[in-house]
Amino acid sequence: MLDSLAAVTESPSWSAEASLLRTAVSRQRDPRAAAEELAAALHHDTLGFVLFFCSAEYALPALSSALNAAFAEVPVAGCTTAGEITPQGYGRGCIVAIGLDRRDFAVSCALVEDLEGFDLLRAQRLVDGLLDECRDRAVAPLAEHSFALTLLDGLSSSEEQVLATLDAALGRIPSFGGSAGDDNRLAHTHVHAEGRFHGQAAVVVMINTPLPFEVFTTHHLRPREEKLVVTRVDRARRRVLELNALPAAEEYARLVGVPVAALDAMVFARHPLAVRLGEAHYLRSIQRVNDDGSLSFYCAVEIGIVLTAMQPAPLLADLEAVFAGLTERLGEPSLIIGCDCFLRRLELEALGQVDTASRLLARSRVIGFNTYGEQHHGMHINQTFTGVAIGSRPH
């Protein structure tokens, strides 16, 4: 099947008019021009909510003002990215948006500004408020027909606490999401709600719909035999100081067969580590090597955990199989909202497969962004493609 994708010379586009999920992309660098272009594509009489993902290269305060003006009374939420997924596949330096029609989507949104203080009581109040707002204009029974999207500051180091607490409050309502990026600078990431961008914050979007949907996650990495034990850690900063009682960077470099000086994002993408829980492996991706020889991770790490070395299987074959399974269960999706780890994109770039991947994403109707981490049912994970596939209205 991938051979047939490679033979396609032009990325397919798909009609927003055929769906109650309109999509748009703007590559305008001026915030006002970009917001107006999105509004021209998304606006209609029953537009109920706008979800967007944008490059951190935009002047964010100006972009907020422009979006507020362009969409007026329509609520808008989103985040900055490490790359965008547009109707034509992978993009960079642009802004992509989804318009949800209120006839088929009841949407509520909440901002969490105090991530460290987000306890179960606050989580329950937040979820109750979101459900009450959806209930007021529900288009389907809430319990079986709702899911939550979470967008978090990708450099906050609070994802595990926030997600686990939120998941307990959500109960059976499925959730997924992504950590905001900043075009691989690892400096400042932002989420957007209540009319402006926020750092050190999270956005929770509750979506109720009668359309069929499925929240999912996948990765293409398979376990090797080698194990590394975390023997010394700076938990607060997500730094592993020692692996197997040796300096962390040196031991990891030995495992992957390169000098410490050669360790970079591409090596981390091709040689990740994972924690095994039951029969599943959950990725714990490395962010950087520090001057003291420690390794910073994107996910929380604890002393005594055993990390399994992983190796990549064909990424696109795995993703294509997942999309095929979703289509078999839901029918042809109207849209897939995708949170795709930026390390996966780096791998595709190194393999020269970005164009082929873009054709697959476009054909599968994916809109989304490259993340600094993904979220699935209360877990913070790395190097996955996580999202929701939304089916079509029955004819």
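The values are calculated or read from the model by the stated rules, or taken from the named source; none is laboratory data. Only a predicted model underlies this, so the values are computations on that prediction, with no experimental measurement involved. So basically every Cβ, Gly included, is an ideal-geometry build from the backbone, and we count neighbours across all protein chains shown. Accessible surface is based on the protein model in full, side chains and every heavy atom, while ligands, DNA and RNA are left aside. Shrake-Rupley method; radii C 1.70, N 1.55, O 1.52, S 1.80 Å.
When DSSP beta bridges are limited to those with both residues in segment 337-386, what percentage is antiparallel, rounded to the nearest 5?
50
Hey, any idea what % of the chain's accessible area is carbon plus sulfur with a 1.4 Å probe?
Here it works out to 50 percent.
Could you work out the local net charge near residue 325, counting Lys and Arg as +1, Asp and Glu as -1, over the other residues with Cβ closer than 14 Å to its Cβ?
-4
On average, how much accessible surface per residue is there in the chain, in Å², for a 1.4 Å probe, leaving out ligands, DNA and RNA?
40
Test of understanding: what is the full-extension gain from residue 254 to residue 276, defined as 0.36 nm times their sequence separation minus their Cα-Cα distance?
Computed gain between residue 254 and residue 276 is 5.8 nm.
In whole Å and largest first, what semi-axes does the C-alpha gyration tensor of segment 325-395 yield when each eigenvalue is scaled by 5 and square-rooted?
For segment 325-395, the semi-axes come out at 23, 17, 8 Å.
Using Stokes-Einstein with the Kirkwood hydrodynamic radius over Cα pairs, what translational diffusion coefficient do you get for segment 263-327 at 4 °C and a viscosity of 1.567 mPa s, in µm²/s rounded to a whole number?
For the chosen part, D equals 95 µm²/s.
How much length is gained on full extension from residue 140 to residue 41, taking 0.36 nm per residue of separation minus their Cα-Cα distance?
Result for the pair: 32.9 nm of gain on full extension.
Any idea what Rg and Dmax come out to for segment 221-312 if you just take the C-alpha atoms, in Å?
11.7, 36
As a test of understanding, state the convex hull volume per residue of segment 58-202 from its alpha carbons, in Å³.
Spelled out: Cα convex hull of segment 58-202, divided by residues, is 121 Å³.
Under 13 Å from the Cβ of residue 206, count the other residues' Cβ atoms, weight Lys and Arg +1, Asp and Glu -1, and hand me the total.
Result for the local shell: -2.
Calculate, for residue 168 and residue 363, the FRET efficiency according to 1/(1 + (r/R0)^6) with r their C-beta to C-beta distance and R0 25 Å; round to the nearest 0.05.
0.10
Sorted by accessible area with a 1.4 angstrom probe, largest first, how do 60, 155 fall?
155, 60
With a bin width of 10 angstrom, please list the P(r) values of segment 52-101 as percents of all Cα-Cα pairs, from the 0 bin to the one holding the largest distance.
Binned Cα distances yield the sequence 24, 54, 22, 0.
Report Rg (one decimal) and Dmax (nearest whole number) for the chain, counting Cα atoms only, units Å.
Gyration radius and largest Cα-Cα distance of the chain: 20.3, 63 Å.
Output the peptides 49-57, 35-43, 112-120, 346-354 sorted from most to least packed, where packing is the average of other Cβ atoms within 10 Å over each peptide's residues.
Going by the mean number of other Cβ atoms within 10 Å, highest first, we get 49-57, 35-43, 346-354, 112-120.
Step through the residues of segment 57-66 one at a time and calculate ³J(HN,Hα) from phi using the Karplus curve (6.51 cos²θ - 1.76 cosθ + 1.60, θ = phi - 60°), rounding each to whole Hz and writing x for Gly and Pro.
So the J values, rounded to whole Hz, are 6, 5, 6, 5, x, 5, 5, 4, 4, 5.
So what is the 222 nm mean residue ellipticity for the chain from helices alone, if each DSSP H run of at least 4 adds -39500 (n - 2.57) and you divide by all residues, rounding to the nearest 500 deg cm²/dmol?
Here the helix-only value at 222 nm equals -8500 deg cm²/dmol.
State the three equivalent ellipsoid semi-axes of segment 166-294, derived from the C-alpha gyration tensor as the square roots of 5 times its eigenvalues, in descending order and whole Å.
So the three semi-axes of segment 166-294 are 33, 20, 14 Å.
Round to the nearest 10 and give me the degree value, 0 to 90, for the angle of helix 159-170's Cα axis relative to the longest principal axis of the chain.
50
P(r) of segment 260-395 in 5 Å steps, Cα pairs, percent per bin?
2, 9, 18, 21, 19, 14, 9, 5, 3, 1, 0, 0, 0
How big is the dipole moment of the chain about its Cα centre under a simple scheme where the beta carbon of each Lys and Arg is +1, that of each Asp and Glu is -1, and everything else is neutral? Debye, nearest 20, please.
Here the size comes out at about 280 debye.
Using alpha-carbon positions, what is the distance between the centroids of segment 257-312 and segment 66-128, in Å?
Spelled out, the Cα-based centre of one part sits 30 Å from the other.
What is the diffusion coefficient of segment 136-214 in µm²/s, taking the Kirkwood radius over Cα pairs and the Stokes-Einstein relation at 4 °C with a viscosity of 1.567 mPa s?
Roughly 94 µm²/s, to the nearest whole number.
If you take the charge dipole of segment 221-286 about its Cα centre, with +1 on Lys and Arg Cβ and -1 on Asp and Glu Cβ, which of 246, 283, 263 is farthest toward its positive end?
283
Rounded to the nearest 10 degrees, what's the angle between the helix 342-351 long axis and the longest principal axis of the chain, both from Cα atoms, 0 to 90?
The answer is roughly 70 degrees.
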